Amino acid sequence: MQQLSWLPTHPDLSGAIGQAKRIEDPLQRLHEAVKLAAHQRDFTLTARLDKLAAAGIEQHAAAARLTPLRVALLSSHTVDHLLPAIRVAGLQRRLALSLHVAPYGMYRQALLADDPALNAFAPQLVVLALDAHDAPLQLPLQASQAEVDAAVAERVDELRLLWRRARERYAAQVVQQTLVPVAPPLFGSYEALVPASPRAVIERLNAAIRAAAREDGVLLLDLAWQAAAYGDGLAEPVRWHQAKQLVSPTLAPLYGEHLARIAAATAGLSRKCLVLDLDNTLWGGVIGDDGIDGIQLGQGSPS
């Protein structure tokens, strides 16, 4: 799968990173890292770019006109291998991201108890990166629709409590990751017709999370909707049992891209595109009919 296919390719990104490493001035190295981050890159090149920027980003972020943002990742799956990709995707958007990762699986304790490390970090953005393994509703397959709805509502209420704590303690914007289905369908095409089937429960839970997030002003990292586009590498059983990785290293740049888009938007750095009708608007004539030599350009009215 081609990573970040919408970005331009670089003729020799690996060589360019190597040349940039030889620059003595940390600020200049940081400038080079920002420029190179705007190209297609895989997991390895992303990690090298992260190291290239690391030496100067703390001292020279302001001089490089990067916007600082503190992001806390509270997760129920391993995210450490995703950090370089998140930082580099932030660089691409002129963000200097500081990342804090709570101890594995301790997201509840981090928000509900007194976490000195998280308090000292004072996050501006709190990401709840949860997975379907962490949200078993302990329902028998014969559970009724009403029982499923009650279990889903209880789980969403717990999430809403965590969202409130994050806002109350840190005045932080909250980002909730939706749950990627991991269990294989038990009933084939009838999976959705069995209320308590694993996939039906996750779908209903994600729908409830989206609705609650909209009501509570919580942003979504909708990984469940992105799952089809991610392809192989997301929720792989082997990766999960080896290292509790929901997202494989191969897909780290893509994950970092999606999270950095949200982070940039919260920092007021979202990009906008102005699309105009060019013919008889920016120039006189229809370029498809009149050709380049037949259009008219001028001050004021193009015609």
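A few comments on the model shown:
- Charged-residue dipole, Cβ positions (Lys, Arg, Asp, Glu), the chain about Cα centre, Debye nearest 20: 900
- Gyration tensor (alpha-carbon) shape descriptor, segment 156-226, a/c threshold 1.5: prolate
- A simple rule links phi to the HN-Hα coupling: the Karplus curve 6.51 cos²θ - 1.76 cosθ + 1.60 with θ = phi - 60°, which for segment 18-26 gives x, 5, 5, 4, 7, 6, 7, 6, x Hz, with x for Gly and Pro.
- Gyration tensor (alpha-carbon) shape descriptor, segment 198-261, a/c threshold 1.5: oblate
- ³J(HN,Hα), Karplus 6.51/-1.76/1.60, whole Hz, each residue of segment 232-238, x for Gly, Pro: 4, x, 10, 6, 6, x, 5
- Förster radius 51 Å - calculated FRET efficiency between Ala113 and Ile287 (Cβ-Cβ, nearest 0.05): 0.20
- Over segment 1-158, relative contact order from alpha-carbon pairs under 8 Å, at least 6 apart, %: 21
- Under 5 Å, built H, 5+ apart or other chain: amide partners of Leu95: Thr67
- Mean Cα-pair separation over length for segment 66-272, i.e. relative contact order, pairs under 8 Å, 6 or more apart, %: 27
- Placing a label point 7 Å from the Cα of Ala38 along the Cα-to-Cβ direction, the residues of segment 1-24 whose backbone N falls under 15 Å from that point are 6-11.
- Scanning the chain for trypsin sites (Lys or Arg not before Pro) lying in DSSP loops with no more than 11 further Cβ atoms inside 10 Å, the longest uninterrupted stretch between such sites is 66-270.
- One Cα centroid belongs to segment 158-210, the other to segment 19-60; the line between them spans 37 Å.
- Convex hull of segment 34-140 built on C-alpha atoms - directionally averaged projected area, nm²: 8.4
- Phi angles of segment 109-124 translate, via the Karplus equation with coefficients 6.51, -1.76, 1.60 and θ = phi - 60°, into HN-Hα couplings of 5, 4, 9, 8, 9, 8, 9, x, 5, 5, 4, 5, 6, 6, x, 9 Hz per residue; Gly and Pro are given as x.
- Taking a ≥ b ≥ c as the square roots of the eigenvalues of the Cα gyration tensor, segment 1-63 is prolate, since a/c reaches 1.5 or more and a/b is larger than b/c.
- Distant-in-sequence amide H partners of Leu220 (H built 1.01 Å from N, under 5 Å): Gln176
- log₁₀ of I(q)/I(0) at q = 0.10, 0.11, 0.14, 0.16 Å⁻¹ - segment 66-272, Debye sum with one point per alpha carbon: -0.43, -0.52, -0.84, -1.09
- Spatially proximal lysines relative to Lys272 (Cα-Cα < 27 Å; intrachain offsets below 8 disregarded): Lys35
Read-outs: derived from the displayed coordinates by stated rules, not from any lab. This one's a predicted model, so the numbers in the text were calculated from it and none came from an experiment. Methodologically, a virtual Cβ is constructed for each residue, glycine included, from the backbone with ideal geometry; neighbour enumeration extends over all protein chains shown.
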